[in-house]
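We did not get these values from a lab; they are worked out from the coordinates using the rules stated. None of these values were measured; they are calculated from a predicted model. When we count neighbours, we look across all protein chains shown, and the Cβ atoms used for this are built from the backbone with ideal geometry, even at glycine.
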Amino acid sequence: MDFEEIKTKRLLLRKLTPEVYWFIHENYTDDELMEFLALKSFCELTKEKEKYAKGLSTHNKSFVNFKLFDLHSGLHIGNCGFHTWYVEHYRAEIGYDICTETLKGKGFMTEALQSILEYGFGSMNLNRIEAFVSPHNMPSLKLMQKFGFQQEGHLREHYNKNDEIQDSAVFSLLKHEYRPSV
């Protein structure tokens, strides 16, 4: 199977779809899965296998995610992509993370988001990209502003992070509002 990748100035973005997950889970050994998915422990591998066993998409929802790697060293930097993709409604929620604190603040997510947003509006034909951000997550709030996302509201006690129920600021970016260069 050929795996789609996007290259930026400093990053390699490896595309993961339900079809890729099916292929690797059916054909790769545990060691190969850990390497391909950049997993750090067998505990993480067990969680990935559980997600796969429970099903990754439904008849009206799917996802497209990317693993982010340093283009030159191959170091896994983070993840970025679309989950809760409502294909027939042309909208998806974006999510992203940087693996370690030492990699944060270096512009990696700005660089990745540029390509991911272009991919979403272009290749996935999205009309609307949504984001739910903690009102206390200043780096993510700055990313929303940098890329022209509009805040639409505030959801109280919206999600669980580290066993703490937290609020979300709701953002969206529409295709006709998107300006490719940051």
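Can you tell me how the stretch 67-150 classifies by the Cα gyration tensor, rounded, prolate or oblate, using a/c under 1.5 as the rounded cut? Judged from the Cα gyration tensor, the stretch 67-150 comes out oblate (a/c at least 1.5, b/c at or above a/b). Per-peptide packing, taken as the mean over residues of other Cβ atoms within 10 Å, places 86-99, 25-38 in the sequence 86-99, 25-38 from highest down. On full extension, the segment bounded by ARG156 and ASP97 gains 19.0 nm, given 0.36 nm per residue less the C-alpha separation. Our coupling estimate for the stretch 43-51, obtained by passing each phi through the Karplus curve with A = 6.51, B = -1.76, C = 1.60 and θ = phi - 60°, is 5, 5, 4, 4, 4, 4, 5, 5, 4 Hz, Gly and Pro reported as x. Residue-wise HN-Hα couplings along the stretch 82-93, as the Karplus relation 6.51 cos²θ - 1.76 cosθ + 1.60 with θ = phi - 60° gives them from phi, are 10, 10, 6, 8, 8, 4, 6, 9, 6, 9, 8, 9 Hz; Gly and Pro carry x. Scanning residues 5 or more positions from LEU71 or on other chains, those with amide H under 5 Å from its amide H are LEU11, LEU12, with H placed 1.01 Å from N in the peptide plane. How would the stretch 1-64 be classified by its alpha-carbon gyration tensor: rounded, prolate or oblate, with rounded meaning a/c under 1.5 and the a/b versus b/c comparison settling the rest? Oblate is the answer for the stretch 1-64, as a/c is 1.5 or above yet b/c matches or exceeds a/b.
Taking every DSSP beta bridge that has both ends in the stretch 35-182, the antiparallel portion is near 90%.
Taking only Cα atoms, what is the 0 to 90° angle, nearest 10, from helix 108-122's long axis to the longest principal axis of the chain? The angle comes out at about 90 degrees.
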